[in-house]
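Novice: Starting off with a structure, shown below.
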Amino acid sequence: MVSSYRLTKQAKMIKTDDFSSVFSFRKRVASEHLIVHYLPNQQALARLGLVIGKKTAKLAVSRNYMKRVLRELFRYKQHEITHVDLIVRVQKKFNQSEFKQIKQEFDVLMTKLNHKAMLNTQKVTLAPSAQLQERS
């Protein structure tokens, strides 16, 4: 079965509590333009939240362009990303001329994120067995 590239309503983070829990988890990966905060979730999909402040880009047109680009990049990668809640925060303004660089940065960040999330799940699964060995 071919997976759909649709960005469903369930794949979007909207509630303030969801954002707060991801920020309080304090795990992130960063590049020149983007910072990705993440929190493993119990759902069967990755969820996306976007933060683009007025300090980064004064004009709403610029902020909306950056949101569209990031949503589109996530839409294509969503099936390759482990089950996490992500918040992508733009730390440096970008425009159409830098699209290739942003796409490359996003791909690198998602690869790093998958690697770190896999390491975290291995630690969680290894921890109980390590405790059993210590007791013996």
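Novice: Got a sec? How would 32, 105, 98 order by Cβ neighbour count within 10 Å, fewest to most?
Specialist: Values: 32 11, 105 19, 98 15.
In increasing order of surrounding Cβ atoms, one gets 32, 98, 105.
Novice: Pairs 27/54; 58/112; 54/116; 15/100: which are spaced more than 28 Å apart, C-alpha to C-alpha?
Specialist: On the way: 27/54 24 Å; 58/112 30 Å; 54/116 30 Å; 15/100 31 Å.
Those over the limit are 58/112; 54/116; 15/100.
Novice: Taking other Cβ within 10 Å of each residue's Cβ, how do 6, 71, 47 sort, fewest first? Before the final figure, lay out the partial values.
Specialist: On the way: 6 9, 71 15, 47 23.
Sorted ascending by nearby Cβ count, the order is 6, 71, 47.
Novice: Specify the residue with the greatest mean-square fluctuation among 84, 61, 22, computed from a Gaussian network of the chain linking alpha-carbon atoms under 10 Å apart.
Specialist: Per the Cα network of the chain with a 10 Å cutoff, 61 tops the list.
Novice: Also, I was wondering about something else. Please compute the length gained on full extension between residue 23 and residue 76, using 0.36 nm multiplied by the number of residues separating them and subtracting their Cα-Cα distance. Could you put the intermediate results ahead of the total?
Specialist: Working: separation 53, 0.36 × 53 = 19.08 nm, distance 2.43 nm.
Contour length minus the Cα-Cα distance gives 16.7 nm.
Novice: Using only C-alpha atoms and all pairs of different ones, pull out the Kirkwood radius for segment 1-87 in Å with one decimal.
Specialist: On the way: mean 1/r = 0.0725 Å⁻¹.
Mean inverse Cα-Cα distance, inverted, gives 13.8 Å.
Novice: Relative contact order for the chain: what is it in percent, counting Cα pairs under 8 Å that are at least 6 residues apart? It would help to have the intermediate numbers written out before the result.
Specialist: Values: 160 pairs, mean separation 40.4, N = 136.
The value is 30 percent.
Novice: Running a GNM on the chain with Cα contacts under 10 Å, which residue among 16, 56, 111 ends up with the highest mean-square fluctuation?
Specialist: Top of the fluctuation ranking is 16.
Values quoted throughout were computed directly from the atomic coordinates according to the rules given, and no laboratory measurement underlies them. Note that the coordinates shown come from a computational prediction; the quantities given were computed from them, not determined experimentally. Here Cβ is always computed from backbone atoms with ideal geometry, including for glycine, and neighbour counts include all displayed protein chains.
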